[in-house]
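Just so it is clear, none of the values below were taken in a lab; they were calculated from the coordinates. Just so it is clear, the model here is predicted, and its values are computed rather than measured. Positions of Cβ are generated from backbone atoms using ideal geometry, with glycine treated the same way; all protein chains shown enter the neighbour counts.
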Amino acid sequence: MKRYLYDGTSEALFSAISWILEEEAEPEKVLLAEQGLTLFDEGFFINTNTAKAESLFQRLRLRAPDAASTIYLFMLAEQRGMESSLLSYVSLAFAHGDRVNGYLTHPAVRDIVSIAKRAGRELHRMKGLLRFEELQDGAYLAKMEPDHNIIQPLASWFRTRLRAQNWFLYDVKRCTAAQWGNGKLQFGTIDQFILPALSEDEKRVQLLWQTFFKTIALPDRKNPGLQKSNMPMKYWKYLTEKQDKAMI
């Protein structure tokens, strides 16, 4: 079985997929993998071609827009070692259009769709669970540690809803940040993060919110299982209403 290699970047991955689809009559019967650290990693190395990568996505959006969205969500999951599955999925998407997402008996389709759905669920969930805190300079900060690398679509979503404020999203796990201000959305990395001081108004609001959250809880209606299902404990670290240890 033929084995192809790429340099590990997303751009190179889709460039390699495009090349294989053009050159191989049966792309599902080849292997695609990230090149290892050794120069003698077995396989044919495919150089990155930005134009090929961009063209592939443009054609895929036209042929199968739902499949293109699935691939986008899949890439947010940062799954390693699934290049061959992605190659098969893309090949099937071009052949069958958006019907591909219904072919769940195919291992590659099942895996890609399943992982994409997990990333999509977390993205949707974080839109409601993210908590912005007002800082002393009037800007707002929201910290998170998502399982998937969702900062870009999440920031784009908040850009249309918090246009009047200056705000930051900070992914603690990946040390990446998004900043909105003066009508611009920017992304970058943070080597060392020092938590800014909260404004006095923010401290009062947080205390009031914690009190409200605790007060409205009806003991007879408590359902910890349902709460954890809708608001998993792994997200509680940055939820204002969960900072009081007595309430956890």
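Structure notes:
- Farthest towards the positive end of the charge dipole of the chain, among the residues ALA33, GLY128, ALA142, is the Cα of GLY128, using unit charges on the Cβ of Lys, Arg, Asp and Glu.
- Within-15-Å neighbourhood charge of ASN182 [Cβ basis; K, R +1; D, E -1]: +2
- The convex hull of the Cα atoms of the range 127-189, projected and averaged over all directions, covers 4.1 nm².
- Pairs beyond 31 Å (Cα-Cα), from LYS143/LYS214; LYS52/LYS143; LYS29/LYS117; LYS52/LYS234: LYS52/LYS143; LYS52/LYS234
- FRET efficiency, THR240 to LYS2 (Cβ-Cβ, R0 41 Å, nearest 0.05): 0.15
- Computed P(r) (all Cα pairs; the chain; 10 Å bins; percent): 6, 24, 27, 21, 14, 6, 1
- Selected from ASP147, ASP201, ASP191 as most flexible by GNM, with the chain as the system and alpha-carbon contacts under 10 Å: ASP191
- Distance between the 7 Å Cα→Cβ label points at THR105 and GLU22: 3.5 nm.
- Centroid-to-centroid separation of the range 139-157 and the range 170-248 [C-alpha atoms, Å]: 12 Å
- The GluC sites (Glu not before Pro) of the range 1-108 that DSSP puts in a loop, and whose beta carbon has at most 16 other beta carbons within 10 Å, are GLU24, GLU42, GLU78.
- Span from the the range 109-128 Cα centroid across to the the range 1-77 one, whole angstrom: 21 Å
- Here the calculated FRET efficiency for SER10 and ASP220, from their Cβ-Cβ distance with R0 = 51 Å, stands at 0.50, rounded to the nearest 0.05.
- Mean residue ellipticity (222 nm) of the chain, computed from DSSP H runs ≥ 4 via -39,500 (n - 2.57), nearest 500: -14000 deg cm²/dmol
- FRET efficiency, 1/(1 + (r/R0)^6) with R0 25 Å, evaluated for ARG125 and LYS184 via beta carbons: 0.40
- Convex hull of the range 137-248 built on C-alpha atoms - directionally averaged projected area, nm²: 8.4 nm²
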